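Q: My structure is below; once you've seen it, I'll send some questions.
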Amino acid sequence: MAEGLEHPQAPVLVYLYGPPAAGKLTVATALAERTGFRLFHNHLTVGALTPVFPFRSAPFTAVLHRVRLDVFATAAEAGIDLIFTNSSAWGGDDPRGHFEAFAEEVRGTVEGRGGRVRFVQVAAPAEVLEGRVDDPSRAAHGKLVDPGRLREALGAHDPAPLHPDDLLMRTDVLDPSEAAERIATDLAVG
């Protein structure tokens, strides 16, 4: 959308989630190319904050969530369509509960400003994830690259979708362009 033009429909936030190495950023990049939506991936904010706060510390998490929610709110108010990626393999106490609560806070933030959120689960079997985790492209974004840490994260991960109507993109079956096409078709854009 060109700056200053009125958005003809409610702005959309496509919220891609799944375990590490599922292909969220790869699918998101293909979707951004296909739709023209702006890409605001997980590691942009993680990378900005880890030089200041220890990863997963209370201050890190508090600032991380505030920054992300502010970006979502401002994008919705400005009529900007956005794609966001987020790991669903959170650590700490009650990881699934915190993951669900943040996703619902995102939905409330965007919908409260006239936007809509489309949740998309990105998934692949554990053996596929393990085969991808140490790919050099992951290190460039500071992503998890250790197969042992991946197995640990998957051991505590709840693979159930956030909502029954979430789209499911199986990246062991679909290539990124096919997944992007299916998401764009669901959104009826591009």
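What follows is calculated from the coordinates using simple rules that are stated; it is not laboratory data. A quick note: this is a predicted structure, and the numbers were derived from the prediction, not measured. Positions of Cβ are generated from backbone atoms using ideal geometry, with glycine treated the same way; all protein chains shown enter the neighbour counts.
Q: With label points built 7 Å along Cα→Cβ from the Cα atoms of Asp134 and Ala188, find their separation and express it in nm.
A: It works out to 4.7 nm between the two label points.
Q: I want to check the label-to-label distance for Val173 and Asp94. Put each point 7 Å from Cα in the C-beta direction and report it in nm to one decimal.
A: The answer from the label model is 3.4 nm.
Q: Pull out the extension gain between Arg56 and Ala160, defined as 0.36 nm times the separation in residues minus the alpha carbon to alpha carbon distance; nm, one decimal. All intermediate terms of the calculation are to be shown ahead of the outcome.
A: On the way: separation 104, 0.36 × 104 = 37.44 nm, distance 2.28 nm.
Extra length from Arg56 to Ala160 when fully extended: 35.2 nm.
Q: Right, next: Fewest first, what order do Glu127, Glu104 take by the number of other Cβ atoms within 10 Å? Walk me through the numbers on the way to the answer.
A: Values: Glu127 9, Glu104 13.
In increasing order of surrounding Cβ atoms, one gets Glu127, Glu104.
Q: Please compute the modelled spin-label separation between Arg66 and Asp146, points set 7 Å along Cα→Cβ, answer in nm with one decimal.
A: 3.0 nm
Q: Rounded to the nearest 500 deg cm²/dmol, what is the calculated helix-only ellipticity per residue at 222 nm for the chain, with -39500 (n - 2.57) per DSSP H run of length n ≥ 4? Before the final figure, lay out the partial values.
A: Numbers: 8 runs with 90 residues, N = 190.
Computed mean residue ellipticity for the chain: -14500 deg cm²/dmol.
Q: Which entry in (1) -0.89, -1.06, -1.16, -1.36; (2) -0.71, -0.94, -1.06, -1.32; (3) -0.78, -1.04, -1.18, -1.48 is this structure's computed log10 I(q)/I(0) by the Debye sum over Cα atoms at q = 0.14, 0.16, 0.17, 0.19 Å⁻¹?
A: Given (1) -0.89, -1.06, -1.16, -1.36; (2) -0.71, -0.94, -1.06, -1.32; (3) -0.78, -1.04, -1.18, -1.48, the calculated one carries the label (3).
Q: Rank by packing, highest mean first: peptides 23-31, 163-171, with packing defined as the count of other Cβ atoms within 10 Å averaged across residues.
A: On the way: 23-31: 23.6, 163-171: 15.0.
Listed from highest to lowest mean packing, they are 23-31, 163-171.
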